[in-house]
1. Looking at 225, 256, can you tell me which residue is modelled with pLDDT of 95 or more and closer than 25 Å to residue 164 by Cα?
2. Assess whether residue 180 counts as being small (Gly, Ala, Ser), crowded, with 18+ Cβ neighbours inside 10 Å and within 30 Å of residue 315 (Cα to Cα).
3. For residue 167, which of the numbered conditions (1) within 21 Å of residue 300 (Cβ to Cβ); (2) surrounded by 15 or more Cβ atoms within 10 Å (Cβ to Cβ); (3) charged (D, E, K, R) fails to hold?
4. So, in the stretch 28-41, of the ones that are under 19 Å from residue 110 (Cα atoms) and free of Cβ contacts under 8 Å to residues at least 24 places away in the same chain, which residue ends up surrounded by the most Cβ atoms within 10 Å (Cβ to Cβ)?
5. Which one of these does residue 311 not meet: (1) closer than 19 Å to residue 176 by Cα; (2) touching a Leu at 6+ places or on another chain (Cβ under 8 Å)?
6. Hey, could you check the stretch 53-76 for residues that are open to solvent by 40 Å² or more (accessible area, probe 1.4 Å) and under 21 Å from the mean Cα position of the chain (by Cα) and say which is farthest from residue 137 (Cα to Cα)?
7. How do the pairs read when you match residues in the stretch 100-118 that are without any contact (Cβ under 8 Å) to a residue 40 or more places away in the chain and over 17 Å from residue 73 (Cα atoms) with residues anywhere that are open to solvent by less than 30 Å² (accessible area, probe 1.4 Å) and in a strand (DSSP E or B), using Cβ under 7 Å and keeping only pairs 6 or more apart or on different chains?
8. Kindly state which strands (runs of 3 or more DSSP E) lie completely within the stretch 69-179 and contain at least 2 residues that are touching a strand residue (DSSP E or B) at 6+ places or on another chain (Cβ under 8 Å) and among the small types (Gly, Ala, Ser).
Amino acid sequence: MTLPSNVSLSYRDAGVDIDAGDALVEAIKPFAKRTTREGVLGGIGGFGALFEISKKYKEPVLVSGTDGVGTKLKLAFHLNRHDTIGIDLVAMSVNDILVQGAEPLFFLDYFACGKLDVATATDVIKGVAKGCELSGCALIGGETAEMPSMYPDGEYDLAGFAVGAVEKSKIIDGTKIAAGDVVLGLASSGVHSNGYSLVRKILDVANPDLDGDFHGRKLADVLLEPTRIYVKPLLALMESMEVRGLVHITGGGLLENVPRVLQPHLTAVLHRDAWDMPPLFTWLQAHGGVADDEMHRVFNCGIGMTVIVSADKAEVAIAELRKAGETVYRIGEIRARANDEPQTIVV
């Protein structure tokens, strides 16, 4: 079958704006340039991104991670706020590879939409670049996909990919954790990027004024607060002492993430009164009628990262992390597991 002689189709007829894609590349180049670090070869815009591993590593092991920001995007769409969601994207991946002792080296992003809005996409990528600056890794590439009819107007999807390196002898895998070790908790900045399906359900039920005052800030600002990036303080801590375990509290909350670094014969006992639960979580629990166990299974409840160290190192670790600007709590301890009890207990 052939087209009528008076029909001549192009990519633009399919709804793709080629010029917008070129404009976006030019708009983000200055922000990507600010993230350049040792090892970067070339710049944004090539078919592939090049990175040379530093000679400081004797036996480098690459650690990779990929993630998105979940349905927190739906809240960003609703509020038409896109300037911090890119920080979330970076945080989710770099915090994940950090827990194995890896220094994040570089990051790539994937941005997909139905029709490219350069201003919105630029806001998102500026956030990505900010997240890379906070974690000390380079934004060296990515992909922008414009796919008409795939996404509703004004919506997009994001994915991120981080690669880091760690000396083979310094990989943190939890095997050195022992009974008697101490669990430290680093404060989260908010809900981070997990649990937003439940957050949005609670918002539907409570129907609050998102622009109203919530402990001195707009509720919308508190809900969109970007995920905290723990890379620099924890890399410094790992240089000064043995860290036996790190846990990024993501989907699954405290109850399902801490066991991921524990051997089968160990249990972590966390003391709920040992840290301050931010008002947002108290509000969510009250307005959603959420049970305590469900809170601990879905949300970070104010603890975004746990650090497991030997008891004799705990106070020094707390002091170092506080000096680096972290809010730190001594939230629990590791003990021998009794029979088939859960590997994380909040008491």
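1. Working: 225 fails: closer than 25 Å to residue 164 by Cα.
Step by step, each of 225, 256 is checked, and only 256 is modelled with pLDDT of 95 or more and closer than 25 Å to residue 164 by Cα.
2. Values: small (Gly, Ala, Ser): yes; crowded, with 18+ Cβ neighbours inside 10 Å: no; within 30 Å of residue 315 (Cα to Cα): yes.
Criteria not met by residue 180.
3. (1)
4. Out of the qualifying residues, it is 33.
5. Failing condition for residue 311: (2).
6. Initially, the stretch 53-76 is screened for residues open to solvent by 40 Å² or more (accessible area, probe 1.4 Å), giving 53, 55-56, 58-62, 64, 66-67, 70-71, 74.
If we keep only those that are under 21 Å from the mean Cα position of the chain (by Cα) as well, we get 62, 64, 66-67, 70-71, 74.
On the way: 62: 14, 64: 13, 66: 15, 67: 16, 70: 22, 71: 25, 74: 27 Å.
Step by step, filter the stretch 53-76, then rank; the result is 74.
7. From the stretch 100-118, no pairs qualify.
8. Numbers: elements: 103-113, 138-146, 156-167.
Output list reads 138-146, 156-167.
The values are calculated or read from the model by the stated rules, or taken from the named source; none is laboratory data. Predicted, not measured: the structure shown is a model, and the values here were computed from it. Counting neighbours? That spans all protein chains shown, and the Cβs are built from the backbone with ideal geometry, glycine included. Accessible surface is based on the protein model in full, side chains and every heavy atom, while ligands, DNA and RNA are left aside. Shrake-Rupley method; radii C 1.70, N 1.55, O 1.52, S 1.80 Å.
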